[in-house]
1. Say whether the condition of being surrounded by 15 or more Cβ atoms within 10 Å (Cβ to Cβ), out of contact with any strand residue (DSSP E or B) (no Cβ under 7 Å at 6 or more places or on another chain), in a loop (DSSP other than H, G, I, E, B) and in the same structural domain as residue 186 (by TED's automatic domain parsing) is met by at least one residue in the range 110-118.
2. Find all pairs meeting these conditions: Cβ atoms under 9 angstrom apart; at least six residues apart or on different chains; first residue within the range 62-88 and without any contact (Cβ under 8 Å) to a residue 12 or more places away in the chain; second residue part of a helix (DSSP H, G or I).
3. Specify the residue that is surrounded by the most Cβ atoms within 10 Å (Cβ to Cβ); the eligible residues are those in the range 43-60 that are farther than 17 Å from residue 163 by Cα and in contact with a helix residue (DSSP H, G or I) (Cβ under 9 Å, 6 or more places away or on another chain).
4. Would you confirm, using the coordinates I've provided, whether residue 182 is farther than 21 Å from residue 38 by Cα and surrounded by 21 or more Cβ atoms within 10 Å (Cβ to Cβ)?
5. Which condition from (1) modelled with pLDDT of 95 or more; (2) out of contact with any strand residue (DSSP E or B) (no Cβ under 7 Å at 6 or more places or on another chain); (3) part of a helix (DSSP H, G or I) is the one that residue 170 breaks?
6. Residue 159 passes all but one of (1) in the same structural domain as residue 119 (by TED's automatic domain parsing); (2) free of Cβ contacts under 8 Å to residues at least 40 places away in the same chain; (3) within 25 Å of residue 138 (Cβ to Cβ); (4) not in a loop (DSSP other than H, G, I, E, B); which number fails?
7. Which one is surrounded by the fewest Cβ atoms within 10 Å (Cβ to Cβ) among residues in the range 185-205 that are over 15 Å from the mean Cα position of the chain (by Cα) and closer than 18 Å to residue 121 by Cβ?
8. How many residues does the range 244-289 contain that are assigned to a loop (DSSP other than H, G, I, E, B) and either more than 22 Å from residue 86 (Cβ to Cβ) or in contact with a helix residue (DSSP H, G or I) (Cβ under 7 Å, 6 or more places away or on another chain) (or both)?
């Protein structure tokens, strides 16, 4: 599907500017956990706290909705129908009255200065998007740099784990619902190509991704499969070319030799999915892992 463009010629759209970020935080959640309580508290502890905290509730549970409301947030019900990551973001953004939206995972804690400092650093470079990711192994301190179409590889773009984006940009071009995973990378591809400007990427230990089902210590091969397949089809089709498929097969065989059956299963599943994606658009369900 061709990228949907804004009604206004994108090259004429100047970046959003403001001294202090005025934003609402959008969190997708289906259960109220102690970690979510920490996430909400961390947002309120920001040096520039959000004007509103909106939880997009996909629980379908009156009790859970009440637990969300008890946190003092605005509960945005997920609409009827099957759950979809992109739709959840779009619904939350549509309910946000602030000019900026902080899309943040229910598993992410940010240092108290992160939002304000990230926004000011981005603005100093003429940018309107800032996002945060955990540091690389062995990294000491923060590393910030401009990420644009020149160094975007389909995996390192604006991350929905923690990203500050002008609300209107998402209203003008919502996240695509057929992108069942890696919807943030597909949107990044659109943004970099359309606006010819980058985003401010910050790798920092002050961004903690604490998903109990996926991270450095524990990972879900099903989640990786969904992400890799979505990236290969919707973002960077170079990944589904024959040489990349063969490379995945070899990695699977090596994992078998090393007696790592879970990783072997992951690599072989990705290789098969890449092959099939050359013949038809993949379809999968957005889901929490």
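1. Here is the first cut: in the range 110-118, the residues surrounded by 15 or more Cβ atoms within 10 Å (Cβ to Cβ) are 110-112, 114-118.
Keeping just the survivors that are out of contact with any strand residue (DSSP E or B) (no Cβ under 7 Å at 6 or more places or on another chain) gives 111-112, 116-117.
Filter once more, keeping what is in a loop (DSSP other than H, G, I, E, B): 111-112.
Restricting the remaining residues to those that are in the same structural domain as residue 186 (by TED's automatic domain parsing) gives 111-112.
The answer is yes, given that some residue of the range 110-118 is surrounded by 15 or more Cβ atoms within 10 Å (Cβ to Cβ), out of contact with any strand residue (DSSP E or B) (no Cβ under 7 Å at 6 or more places or on another chain), in a loop (DSSP other than H, G, I, E, B) and in the same structural domain as residue 186 (by TED's automatic domain parsing).
2. If the second residue must be part of a helix (DSSP H, G or I), the pairs left are 81/87.
3. Looking at residues that are farther than 17 Å from residue 163 by Cα and in contact with a helix residue (DSSP H, G or I) (Cβ under 9 Å, 6 or more places away or on another chain), I get 57.
4. Here the answer is yes, as residue 182 does meet what is asked.
5. (2)
6. Going through (1) in the same structural domain as residue 119 (by TED's automatic domain parsing); (2) free of Cβ contacts under 8 Å to residues at least 40 places away in the same chain; (3) within 25 Å of residue 138 (Cβ to Cβ); (4) not in a loop (DSSP other than H, G, I, E, B) one by one, residue 159 breaks only (4).
7. Filtering first and then ranking leaves 205.
8. So in the range 244-289, the residues assigned to a loop (DSSP other than H, G, I, E, B) come out as 258-260, 278-289.
Applying the additional criterion that residues be either more than 22 Å from residue 86 (Cβ to Cβ) or in contact with a helix residue (DSSP H, G or I) (Cβ under 7 Å, 6 or more places away or on another chain) (or both) yields 258-260, 278-279, 281-282, 284, 286, 289.
Residues meeting the conditions: 10.
The values are calculated or read from the model by the stated rules, or taken from the named source; none is laboratory data. Bear in mind the structure is a predicted one, so any value in this text is a computation, not a measurement. Don't worry about glycine lacking a Cβ; one is built from the backbone with ideal geometry, like all the others, and counts go over all protein chains shown.
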